[in-house]
Amino acid sequence: MPVFYPLLAVNSAIPLSYFVLASAALFSIGLGVVVVKRNAIVVLMGVELMLNAANLNLVAFSRYDPDLKGQMFGLFVIVVAAAEAVVALAIVLLVYRRFQTVDLDEVNEMKR
């Protein structure tokens, strides 16, 4: 009896190249935010955007794997990203308490 995966239909309406382009666009936007912005919280948002772009790429390519390994790894990445966001925001909060700013350039100069 053949196994049927309704969520993993290879002949879906959206081609793989669209997912790859969307992932590349999200990653580029996140990288631009990390490079250009100096606010620590905005930089963290850019890092999260890049992580989600990589996760989208992983799940898009795992559509062609019938074992659901890619989707399970994608779920694991989401959990790790949530934990990373909590720890990073706690560090930003401690930096704000110490230096009274979240601007990365000012924190770097106050360190000297």
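The values are calculated or read from the model by the stated rules, or taken from the named source; none is laboratory data. Here the structure is a predicted model, which is why all the values come from computation and not from measurement. Using ideal geometry, Cβ is built from the backbone for each residue, glycine included, and neighbour counts are taken over all protein chains shown.
Consider the range 61-98 and keep the residues that are surrounded by 14 or more Cβ atoms within 10 Å (Cβ to Cβ) and among the hydroxyl-bearing types (Ser, Thr, Tyr). The one that is modelled with the highest pLDDT is Tyr96.
For the range 1-37, a residue qualifies if it is over 17 Å from Ser62 (Cβ atoms) and at pLDDT below 90, and the qualifying residues are Met1, Pro2, Phe4, Ala13.
Among the listed residues Asp67, Asp103, identify the single one that is within 24 Å of the chain's Cα centre (by Cα), on the phi < 0 side of the Ramachandran plot and in contact (Cβ under 8 Å) with a residue 60 or more places away in the chain.
On the way: Asp67 fails: in contact (Cβ under 8 Å) with a residue 60 or more places away in the chain.
Unique residue meeting the criteria: Asp103.
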